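The values are calculated or read from the model by the stated rules, or taken from the named source; none is laboratory data. Just so we're clear, the structure is a prediction, and the values are computed from it rather than from any experiment. Cβ coordinates were reconstructed from backbone atoms using ideal geometry, including for glycine residues, and neighbour counts include every protein chain displayed. For accessibility, only protein heavy atoms count, side chains too; no ligands or nucleic acids. Shrake-Rupley method; radii C 1.70, N 1.55, O 1.52, S 1.80 Å.
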Amino acid sequence: MTDVDLDQWVAHVAAELGIEGLDVDADAVLDLASVAAHAVVRPAAPLTTFLAGLAAGRSGGSADDVREAIARAAAICEQA
């Protein structure tokens, strides 16, 4: 797949997973992935973003919960 609009992709996948209507900050998620990949090891990127998303969801899933989980995960990576 080439020339994919990431916002459209996120909306598509979210709808298929039954979680449509999300306001996903794709840049923040990608930034976290980059930090994990460079500060830890490359395979840590998808695992870290998954864990941040899970933590945000368990905290309530608000935009603030997502931002907090991403910030905490990034800090953990930077300490690695």
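Within the range 63-80, the residues that satisfy the criterion of being farther than 23 Å from Asp5 by Cβ and open to solvent by less than 50 Å² (accessible area, probe 1.4 Å) are Asp65, Ala69, Ala73, Ala74, Ala75, Cys77. Out of all the residues in the range 7-21, which are within 16 Å of Thr49 (Cα to Cα) and either open to solvent by 100 Å² or more (accessible area, probe 1.4 Å) or touching a helix residue (DSSP H, G or I) at 6+ places or on another chain (Cβ under 7 Å) (or both)? Selection gives Val10 alone.
Tell me, which residue of the range 8-29 that is in a helix (DSSP H, G or I) and under 22 Å from Ala74 (Cβ atoms) is nearest to the chain's Cα centre (by Cα)?
Val29
Taking residues in the range 16-44 that are under 19 Å from Ser62 (Cβ atoms), and partners anywhere that are loosely packed, with under 14 Cβ neighbours inside 10 Å, the pairs with Cβ atoms closer than 6 Å and at least 6 places apart or on different chains are Ala26/Leu6. Scanning the range 30-59 for residues that are among the hydroxyl-bearing types (Ser, Thr, Tyr) and outside any loop (DSSP other than H, G, I, E, B) returns Ser34, Thr48, Thr49. When the range 35-62 is limited to residues that are under 20 Å from Leu6 (Cα atoms) and loosely packed, with under 13 Cβ neighbours inside 10 Å, the one that is nearest to the chain's Cα centre (by Cα) turns out to be Phe50.
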